[in-house]
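Colleague: Dropping a structure here in structure tokens format, bear with me for questions.
What follows is calculated from the coordinates using simple rules that are stated; it is not laboratory data. Note that the structure is a prediction, hence the values are computed from the model and not measured. Quick reminder, even Gly has a Cβ in these numbers, built from the backbone with ideal geometry, and neighbours come from all protein chains shown.
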Amino acid sequence: MSQILDFRNVDLFYDHVHALRDVSLSVNEGETVALIGANGAGKSSILRAITGLRKIRKGEIFYAGQRIDGKDPADLVKSGIAMVPEGRRVFPYMSVKDNLLMGAFTRTDKADIARTLESVLTRFPRLKERYTQAAGTMSGGEQQMMVIGRALMAKPRLLLLDEPSLGIAPKLVQDIARSIVAINRDEKVSVLLVEQNSRMALRISQRAYALTTGSVALSGNSAELLADDRVRALYLGGE
Ligand code: ATP
């Protein structure tokens, strides 16, 4: 099995805050991998390191066999890494259509972009209904679908999702979870999913890493982690 992402022995700081300590993790081609852990554990920092938004102090990051730490974020998008940021960063006054097209900013083949747009609208019919409306008028769940659609417009090989269920109505969380499974299956895209909703993340992933204060505390097969007493106590609210 080839690795799409290999994150090796990474340390990351914010001034004197030591946010990641010798973190290693990988995503195999075609896999969905979950990153779980409490607020401040370092989950978003891992995504910032992968996307080049924050420089690492130590370690190495490989994407599709190429060293990528230190590279320009826009070049990384071009090479197939797309990120869905936390908090649904939509452009509220722009239409759904224009928000989606922003996701294709590194692509030039208009016909191919049109095909991707069509497939995103087929996947999320709500976006087709709201196509010309200002994105800010949609519900939280719809906006989340739109930002996932926007990331797909980049035609990624690796999709990074930062807390897609945060602040979403419980009923819609299931829809989002189903969409992530379908995207992983249909689009041949590998997924790294950051979630505080550990139960959902473990259910839809094949493997997972649990972080505690900047270090990987546990990792393994998601189904096994779901049944693990330590995981239940620490990450699933003791249920
Ligand atoms: P959350 O779910 O709250 O986003 P997280 O697991 O994603 O949590 P990170 O955002 O990666 O955690 O933060 C890891 C640590 O780094 C925390 O202690 C946090 O306070 C700190 N940190 C994050 N961003 C900054 C920053 N810009 N400046 C200083 N410290 C930061």
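Colleague: Hey, could you get me the Stokes-Einstein D for the chain, Kirkwood radius over alpha-carbon pairs, 25 °C and 0.890 mPa s, rounded to whole µm² s⁻¹?
Modeller: 136
Colleague: Moving on. Residues with amide H under 5 Å of Met94's amide H, sequence separation 5 or more or different chain, H placed in the peptide plane at 1.01 Å from N; which?
Modeller: Ala135, Gly136
Colleague: How far apart, in nm, are the 7 Å Cα→Cβ label points at Arg57 and Asp175?
Modeller: 4.3
Colleague: Beyond 21 Å, what share of the Cα-Cα pairs of segment 18-126 remains, rounded to the nearest whole percent?
Modeller: Percent of Cα pairs beyond 21 Å in segment 18-126: 49.
Colleague: How big is segment 144-190 in terms of Cα radius of gyration and Dmax, in angstroms?
Modeller: 10.5, 29
Colleague: Quick one: of the DSSP bridges fully inside the chain, what percent are antiparallel, nearest 5?
Modeller: Looking only at bridges with both residues in the chain, the antiparallel portion is about 55 percent.
Colleague: Taking amide H positions as placed 1.01 Å from N in the peptide plane, with prolines and chain starts having none, which residues 5 or more places from Ser139, or on another chain, fall under 5 Å of its amide H?
Modeller: Correct list: empty.
Colleague: Among the lysines, which fall within straight-line cross-link reach of Lys43, defined as a Cα-Cα distance under 25 Å, with same-chain neighbours fewer than 8 residues apart omitted?
Modeller: Lys55, Lys58, Lys71, Lys78, Lys155, Lys171, Lys188
Colleague: Starting from a Cα-only point model with no solvent, please compute log10 I(q)/I(0) by Debye for segment 116-239 at q = 0.10, 0.12, 0.23 1/Å.
Modeller: Relative scattering, expressed as log10 I(q)/I(0), comes to -0.35, -0.49, -1.38.
Colleague: Let me ask something else. What ³J(HN,Hα) values, in whole Hz, does the Karplus curve 6.51 cos²θ - 1.76 cosθ + 1.60 give for segment 137-150 when θ = phi - 60°, with x put for Gly and Pro?
Modeller: 8, 8, 5, x, x, 5, 5, 5, 4, 5, 6, 5, x, 4
Colleague: Per residue of the chain, what 222 nm ellipticity follows from adding -39500 (n - 2.57) for every DSSP H run with n ≥ 4, rounded to the nearest 500?
Modeller: Estimated from H runs of four or more residues: -11000 deg cm²/dmol.
Colleague: Let me ask something else about it. Using the scaling law 2.2 N^0.38 Å as the reference, what is the normalised Cα Rg of segment 1-61?
Modeller: Taking N as the residue count of segment 1-61, the ratio is 1.11.
Colleague: Could you work out the mean projected area of the convex hull around the alpha carbons of segment 112-162, in square nanometres to one decimal?
Modeller: Taking the Cα atoms of segment 112-162, their convex hull projects to 3.8 nm² on average.
Colleague: I need the phi-derived Karplus couplings for segment 226-234: 6.51 cos²θ - 1.76 cosθ + 1.60, θ = phi - 60°, integer Hz, Gly and Pro marked x.
Modeller: Values per residue, Gly and Pro as x: 4, 8, 7, 4, 5, 5, 4, 5, 8 Hz.
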